[in-house]
Amino acid sequence: MRAIIVDDEPKAIELLKSYLDHFNSIELIATFRNGLKAFEFLSKEPIDLILLDINMPHISGISLSKMLPDTIKVIFTTAYSEYAVESYEIQAVDYLVKPISLERFTKSISRVLSTKSQTTEKENQFLLVKSGFETFRLESNSILYLEKDGNYMIYQCVNQKILARETIHEAFEKLPENFIQTHKSFIVNLENILSFTANEMTIGKEKIPISDTYKNEVLKRLENIISR
């Protein structure tokens, strides 16, 4: 796994470098004290992990993270705990408050390595969806959500919409664990949620309702994702 450190404090960079030395599976490629220079580097070099300070000159870590591809895992490092909620909305792997201990850092890196393994497994999951006379082979992560419409299920994918004559129960039988029902008419892919409240979640440009029937289970699953 290839990683970089972005922090405007030299001592913070040295500390994180010394911590990373304990992990043979992570290769530190570069360090930066400027977010814009880091972004320029990332446009040319493939990176799996970025240890990212939030308070930096020119561009904040939060702003930089919003410009990164989803494939890059982000661990925020900062002296200010008030940014924690916003960092989780960006789906950061973790949020480390300075001073950072080796024990806490190790826990965070373990999450990264675990998430990387889970993502690799999920990328290989496909399901077959029959629509009329055609059968589509869909990668599960390309499915944003499913919506019940009469006797049909609408598979809303990243680049297409597929109509299948099946029940919610039949759809659930072939979906992986990262899908959950939020409403009598909706099943969502938890990996593609942009934001959520107690009553709805945003996936792409759509607002998906969370009904009282499913609220406790949905919020519990979302809390588990945040606490990884």
Matching residues in the range 26-56 - criterion: being farther than 20 Å from I100 by Cα and touching a Gly at 6+ places or on another chain (Cβ under 8 Å):
G35
Suppose we filter the range 145-158 for residues that are buried (at least 16 other Cβ atoms within 10 Å of the Cβ) and over 14 Å from A171 (Cα atoms); how many remain?
1
Since A198 meets every condition but one in (1) in contact with a strand residue (DSSP E or B) (Cβ under 6 Å, 6 or more places away or on another chain); (2) of a type in the set (A, V, I, L, M); (3) loosely packed, with under 13 Cβ neighbours inside 10 Å, which condition does it not meet?
(1)
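Mind checking whether some residue in the range 94-109 is at pLDDT below 85 and within 30 Å of T197 (Cβ to Cβ)?
Scanning the range 94-109, I find no residue that is at pLDDT below 85 and within 30 Å of T197 (Cβ to Cβ), so the answer is no.
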Sort out which residues of the range 181-202 are assigned to a strand (DSSP E or B) and either over 17 Å from E139 (Cα atoms) or not assigned by TED's automatic domain parsing to the domain that holds Y152 (or both), and write them in order of number.
Q181, T182, H183, F186, S195, F196, E200, M201, T202
Among the candidates Y145, Y152, which residue alone is touching a residue at least 60 places away in the same chain (Cβ under 8 Å) and hydroxyl-bearing (S, T, Y)?
Y145
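The values are calculated or read from the model by the stated rules, or taken from the named source; none is laboratory data. Predicted model only: the values in this text are computed from it and were never measured. No Cβ is skipped: glycine too gets one built from the backbone with ideal geometry, and neighbour counts run over all protein chains shown.
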